[in-house]
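The values are calculated or read from the model by the stated rules, or taken from the named source; none is laboratory data. From a predicted model like this one, the values you see are computed outputs, not experimental measurements. Heads up, the Cβs are rebuilt from the backbone with ideal geometry, glycines too, and the neighbour counts pull from every protein chain shown. For the accessible areas, the whole protein counts, side chains as well, though only heavy atoms, and no ligand, DNA or RNA atoms are used. Shrake-Rupley method; radii C 1.70, N 1.55, O 1.52, S 1.80 Å.
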Amino acid sequence: RVSLREDGWWGEQESGLLASPDFSALCNSENRSDLFDSVLRRYFSTKIVFGFMGGIPPVDGEENITHHIASWREFDSFFRLAESFGCRHVYSPEHVGLEWEVKSMNLIDTFDCIERTQGRDFSPPIFGARGFGIKIRDGHVLNARQQSALNIARRVWDIYNQNIEVMHGKVCEIGGGAGYLAHYALRFGIPQYAIIDVTAALVTQFLVLYPEHGNRVTFVLQESDMWKSPIGLLHAEVTNDFKFDGCEIVVNMDSLPEMPADIAKNYFKRMKSSDSLRFFLSENQESRVSTMWTSPNPHKTAFSKQNDVRAMALKYGEFVPESRFLSWTRMGYVEELFSVSTGIPVASTSRICYHQTWIVVCVLVLASSFLPFRIQKVMKR
């Protein structure tokens, strides 16, 4: 499906990517492997898909500055991921200075440790395994986007696991990139996962997820079919009036700031009207730089500032802030959790606080019942 919306940088990329004669012919034919190969070659030569997959353009040589920056990003993200799982010490610049030894770190052993802490297989998807990242084992390469996805998938699992008595584990992601977060969410044990996205991303997600999860991955053409498979891929424009009914957790990574403002606002307004939504989890940057991505017409008008996710969540979603932390894996990113008021009680994300609150309430109720009796008895004496 070619995007109906052609304004803005994203719409321009989407339309340009899918408007080729080969793509149109492929949509109207069957069993044309030659056309499919041609479309894929063009597809994976674009910056937008490289962004989804987390790679760098192959024209960049090892001495290129982009290559060096990307190398630093990959290792920095991996070290932070290991720290978050307790598989590497967090070093303090106050005590060890600004430099410390990392060459002796065994990357494969560190990744094995991450898996052992959770008792799960965290191998990245084999599709795109020759990308740019950290070599772990069996030909797999773990890139920075996959590392971020693994970290946030753990947070999604924790939220569901802490509220498992009142939730069914239905998660929706706005803008799923290459599908890495969906992949790791299912590896953690999330029962059902849906991604809402544009065509170019949905194609990428299917190519990444299908070799790993097979027929558990389906394209959803109408809302009634949304939860018939563990992974549903929904087109954002086919479901542009979708109110997130059935979704209990909505998650977004690295995309709401870069959307046209009206689309981002609309997502929050629709989430607000959901009858089932409990939590909104965001991992995004909030630098609010002016970029072509959010501009309605990047070739004719001034660039627009990126969206403020927190401000939109509070204003248009009327969400309640639960927690706010710096991201473990991405420097300059914020991980933020909001609860959504739907009238149905859910456990707090901190069980200790939740139980302590009820202890206080119970004590006050007992005290209010006991004190009048005690006072009356004293007066009789």
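Observations on the model:
- Pairs exceeding 28 Å between alpha-carbon atoms, taken from LYS135/LYS265; LYS170/LYS265; LYS170/LYS305: LYS135/LYS265; LYS170/LYS305.
- Only protein atoms count toward the accessible area here, which uses a 1.4 Å probe; on the range 145-339, the carbon and sulfur part of that area reaches 53 percent.
- Value in Å of the Kirkwood radius, where the range 145-339 supplies the Cα pairs that are averaged: 16.8 Å
- Each other residue within a Cβ distance under 10 Å of TYR316 adds +1 if Lys or Arg and -1 if Asp or Glu, for a net charge of +4.
- Per residue solvent-accessible surface (Å²) - the range 191-261, probe of 1.4 Å: 34 Å²
- Amide proton proximity set for TYR193, modelled H, under 5 Å, gap of 5+: VAL171, ILE231, GLY232
- DSSP beta bridge pairing in the range 135-248, given as percent antiparallel to the nearest 5: 5 percent
- Residue-count net charge about ARG330 - beta-carbon cut-off 10 Å; Lys, Arg +1, Asp, Glu -1: -1
- Surrounding net charge for PHE268, when Lys and Arg each add one and Asp and Glu each subtract one, Cβ distance under 10 Å: +4
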